[in-house]
Amino acid sequence: LAMLVFTIGIAGMLIYLSEGIKSRSVVSNASAVNAQFTGSLWKYTSNDICLNRYPLQGRDEYKWFFCMQNKDGQPDIMLYGSSFANQQYPGMIDNPAFSGKTILSIGTCAPDMPDSSGRHDNHPCAADRPGQVKGLVKDIIANSPNLKFILIDGLDYENKEGNLERLTDFIRWVESQGRNVIVFYPH
């Protein structure tokens, strides 16, 4: 038994020292992906392409505001929701199925939130920020004829009062604009 434990320990140490088993990597360049998590900010929170194309007044007051776009131009696909929606952005821009597509990620406050949250702290969805973000998103949708898909993620996993109605109203509005909606179930 001691020999088995020793052998497993040595194997684990060798795997650790060689940075894992390479064949298990889902992403072709795992070290590049893992590099995004170093430092105090996630690499995919905002970029100049998005911030210049879609300015949001007062966004500097937000604790965080997600605004990422992979190419300068009208978006073909939009991710919208809380920070959980934005987590899909890196995978989408690196996926060959989306090459040639302009992908926009706008997030902080999901569309199922009330336009005014009643919070008054430094939370990114405090006060009227959910309504501000939703207004920006609606403006982008209304003025982006190339936009075909709106992916909604990061919804509240609890059906709080009015969440489902707000989400349904938003989806109906998006569909009335001739866009397709894909909703990810809350995690």
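The values are calculated or read from the model by the stated rules, or taken from the named source; none is laboratory data. Everything numeric in this text was worked out from a predicted model, so none of it was measured. As a convention, Cβ positions derive from the backbone with ideal geometry for all residues, glycine included, and neighbour counts pool all protein chains shown. Keep in mind that these areas ignore ligands, DNA and RNA; they rest on the heavy atoms of the full protein, side chains included. Shrake-Rupley method; radii C 1.70, N 1.55, O 1.52, S 1.80 Å.
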Quiz item: For LEU155, all conditions in the list (1) in contact (Cβ under 8 Å) with a residue 60 or more places away in the chain; (2) out of contact with any helix residue (DSSP H, G or I) (no Cβ under 8 Å at 6 or more places or on another chain); (3) open to solvent by less than 70 Å² (accessible area, probe 1.4 Å) hold save one; what is the number of the exception?
Solution: (2)
Quiz item: Taking interchain pairs and intrachain pairs at least six residues apart, which have beta carbon atoms under 8 angstrom, with the first residue in segment 158-187 and within 16 Å of LYS138 (Cα to Cα) and the second part of a helix (DSSP H, G or I) and small (Gly, Ala, Ser)?
Solution: GLN177/ALA142
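With the requirement that a residue be in contact with a helix residue (DSSP H, G or I) (Cβ under 7 Å, 6 or more places away or on another chain) and either open to solvent by less than 10 Å² (accessible area, probe 1.4 Å) or in contact (Cβ under 8 Å) with a residue 40 or more places away in the chain (or both), what does segment 91-119 give you?
Quick first cut of segment 91-119, residues in contact with a helix residue (DSSP H, G or I) (Cβ under 7 Å, 6 or more places away or on another chain) only: 92, 98, 103-109, 111-117.
Those that are in contact with a helix residue (DSSP H, G or I) (Cβ under 7 Å, 6 or more places away or on another chain) and either open to solvent by less than 10 Å² (accessible area, probe 1.4 Å) or in contact (Cβ under 8 Å) with a residue 40 or more places away in the chain (or both): ILE103, LEU104, SER105, ILE106, GLY107, THR108, CYS109, PRO111, ASP112, MET113, PRO114.
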Quiz item: Would you say VAL133 is in contact with a strand residue (DSSP E or B) (Cβ under 6 Å, 6 or more places away or on another chain) and in contact (Cβ under 8 Å) with a residue 24 or more places away in the chain?
Solution: no
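Which of the residues belonging to segment 158-184 are in a loop (DSSP other than H, G, I, E, B), open to solvent by 70 Å² or more (accessible area, probe 1.4 Å) and out of contact with any strand residue (DSSP E or B) (no Cβ under 9 Å at 6 or more places or on another chain)?
Start the filter on segment 158-184 by keeping residues that are in a loop (DSSP other than H, G, I, E, B), which leaves 158-162, 177-179, 184.
Narrowing further to those that are open to solvent by 70 Å² or more (accessible area, probe 1.4 Å): 158-161, 184.
Those that are in a loop (DSSP other than H, G, I, E, B), open to solvent by 70 Å² or more (accessible area, probe 1.4 Å) and out of contact with any strand residue (DSSP E or B) (no Cβ under 9 Å at 6 or more places or on another chain): GLU158, ASN159, LYS160, GLU161.
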Practice problem: Specify the residue that is farthest from ARG53 (Cα to Cα); the eligible residues are those in segment 99-149 that are among the charged types (D, E, K, R) and assigned to a helix (DSSP H, G or I). | Solution: ARG129
